[in-house]
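Below you'll find the structure, written out as structure tokens, and then a few comments.
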Ligand SMILES: C[S@@+](CC[C@H](N)C(=O)[O-])C[C@H]1O[C@@H](n2cnc3c(N)ncnc32)[C@H](O)[C@@H]1O
């Protein structure tokens, strides 16, 4: 499932060094305006297709970790939800509000600057430093290119932090782009082994959608690989929370 932007990173520095390096890399990417590999110029079609199967109330609060300047946040707000994004780069946050002609109010909160326009709130700062009391109640998480943006060494910590920020009943709608070797025998209906490793301990995992992109469709996978888009619904198991003992 590896999808992080810099595969030339050293394989095994300590997690903290790796996080610092990764943050610098993302901040530089935004300064250089190199966002074409991940920023989508339209709302994600799988979000539109599958979001409502969660049957959330319109008033739900949705967490969008590592949100960039994603237009998906606008669509979620249009569904009546309050959207709570978290993004490291102030350039990305400013671009989101400016490009969508939204006037935002900025307030300082600890190491974060909190930008708000109507029902869209973006916390600008490091996801790993955010605390639950800052964020408030969260009903669902939308993760597109957040888990997969991080180096593999940090992904477990991402999930620990995500669980610390949400409620026991909060579900996650996760979209991934998996890079599959063309000679792989893996069936399209298979849950990615890294998703199992990372989430199965605490979550029930449902694969809701798989779409294999033909390399001829212009997908940007490396030679010898194709991309498979997958949508997962993750539900935390209540017995892990101590509610059923
Ligand atoms: C691959 S992009 C995806 C953005 C967005 N989810 C989308 O679909 O367009 C990953 C984003 O995560 C941000 N990011 C990376 N590490 C972060 C961190 N530790 N805290 C907050 N944001 C982070 C990057 O600046 C970048 O905008």
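What follows is calculated from the coordinates using simple rules that are stated; it is not laboratory data. Note that the coordinates shown come from a computational prediction; the quantities given were computed from them, not determined experimentally. As a convention, Cβ positions derive from the backbone with ideal geometry for all residues, glycine included, and neighbour counts pool all protein chains shown.
Odds and ends about this structure:
- Separation in nanometres of the label points that stand 7 Å from Cα toward Cβ, at residue 35 and residue 52: 2.9
- Among 184, 24, 235: highest mean-square fluctuation, GNM of the chain, C-alpha pairs under 10 Å: 184
- Within a Gaussian network of the chain (alpha carbon springs, distance under 10 Å), most fluctuating of 48, 86, 62: 48
- Using C-alpha pairs under 8 Å with a sequence gap of at least 6, the mean separation divided by the residue count of the range 15-241 gives a relative contact order of 16 percent.
- Most mobile of 90, 187, 151 in a GNM of the chain (Cα contacts under 10 Å): 187
- Ranked packing of 65-76, 100-111, 50-61, 135-146, most packed first, by mean Cβ within 10 Å: 65-76, 135-146, 50-61, 100-111
- Cα-projected label distance for residue 43 with residue 211, points at 7 Å along beta-carbon direction, nm: 1.5
- Alpha-carbon centroid distance for the pair the range 40-64 / the range 84-130, whole angstrom: 20
- The antiparallel fraction among DSSP beta bridges confined to the range 15-241 stands at about 65%.
- DSSP bridge analysis restricted to the range 1-142 gives an antiparallel fraction near 45%, rounded to the nearest 5.
- The chain shape via C-alpha gyration tensor axes, a/c threshold 1.5: rounded
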